[in-house]
Amino acid sequence: MADYPQNVVEFRDWFATESACRDYLVRLRWPQGPCCPDCASTAVWPMKTPFYRCARCGYDFTVTAGTLFADTHKPLRLWFEAIWYMTNQKSGVSALGLQRTLGLGSYRTAWSWLHKLRRAMVRSGRDRLTGVVEVDETYIGGPESGKRGRGASGKSLVLIAAQADGRKIGRIRLARVADASAKSLRPAVVHAVEPGTQIQTDAWTGYAGLTDVGYEHRVVRPTADLGENLLPRANRIAALLKRWLLGTHQGAVSPDHLDYYLDEYTFRFNRRTSRSRGLLFSRLMEQAVALEPVRGQDLIGGVR
Ligand SMILES: [Zn+2]
């Protein structure tokens, strides 16, 4: 049986108490039994709840130590509600929406929770795209520019890689890049796409040399002007991403935080056909307990 609730009624049943929430984190984090976060020993004594003591190094710890939930002053139940809410709203949630739903006293708290959860949406070592992949860039945060290869103030350039799945879009990867030069684009492509893959781009010089780094490179349109639709998947993602940033977040995304929004969008898009929202919940939970804690001070750039 799947180890996650299937719907909101089950969710409320499963996580009715703090100890039920903690037990779930224990199962996710230590499927083989508790393990010392300091020395990795599995010789661990249960102490007064919620503590454990390492028999080897003497370290006292809890299941939330070293995770996204470390040092929280709020009940785990509230965090679980936030994660359920975030993964069940198909197009994502705003800080104001989360604040209202959970009855949080401060907007700032809701905002920082969403940012912590966005960080959990990135999975290190995630698989790169394969098969046939369209690659293009788009500007976020300002009007379209016909000029490429130059930075524009107040705008961020985002590389889009969209895998073909028949005529549809498979998985995607998004990455903010400094500019549209080959020096910026090539490492971003290598990070997102497996070597040996067929990559389709336009004739922009920034994509020259992809063959040298192991790709089958096809130039699918002759000119480098933006706006033509010979890369339909990449262009569709650009349009959807902009609509999402404007809709769910009212366009209020500062360049400092754009990376996290790109991660959230990618997480949601790549799991959009997931039949079970509960599965999404458990994936985000798994990533939350595998994460180093995020301190408030680390969320630079202020509330936007
Ligand atoms: Zn230890």
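Figures for the structure shown
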quantity: Hits in region 247-287 - residues which are among the hydrophobic types (A, V, I, L, M, F, W, C) and part of a loop (DSSP other than H, G, I, E, B); calculated: Ala252, Val253
quantity: Tally, over region 68-123, of residues that are aromatic (Phe, Trp, Tyr) and closer than 20 Å to Asp259 by Cα; calculated: 2
quantity: Total residues in region 50-71, condition of a type outside the set (Phe, Trp, Tyr) and under 26 Å from Leu117 (Cβ atoms); calculated: 10
quantity: Residue match in region 191-212 (condition: outside the structural domain of Ser94 (by TED's automatic domain parsing), modelled with pLDDT of 95 or more, closer than 20 Å to Val122 by Cβ and assigned to a strand (DSSP E or B)); calculated: yes
quantity: Residue list for region 17-57, restricted to those being more than 13 Å from the ligand (Cβ to nearest atom), more than 26 Å from the chain's Cα centre (by Cα) and in contact (Cβ under 8 Å) with a residue 12 or more places away in the chain; calculated: Thr17, Glu18, Ser19, Pro46, Met47, Thr49, Pro50
quantity: Residues (more than 20 Å from Asp212 (Cβ to Cβ) and touching a residue at least 60 places away in the same chain (Cβ under 8 Å)) located in region 176-191; calculated: Arg176
quantity: Residues that are within 16 Å of Ser156 (Cα to Cα) and at pLDDT 85 or above, drawn from region 224-236; calculated: none
quantity: Filter result (buried (at least 18 other Cβ atoms within 10 Å of the Cβ) and either in a loop (DSSP other than H, G, I, E, B) or polar (S, T, N, Q) (or both)) within region 51-91; calculated: Thr62, Val63, Thr64, Ala65, Thr67, Leu68, Phe69, Thr87
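The values are calculated or read from the model by the stated rules, or taken from the named source; none is laboratory data. Model, not experiment: these values are computed from the prediction. With ideal geometry, Cβ positions are generated from the backbone for all residues, glycine too; neighbour counts draw on all protein chains shown.
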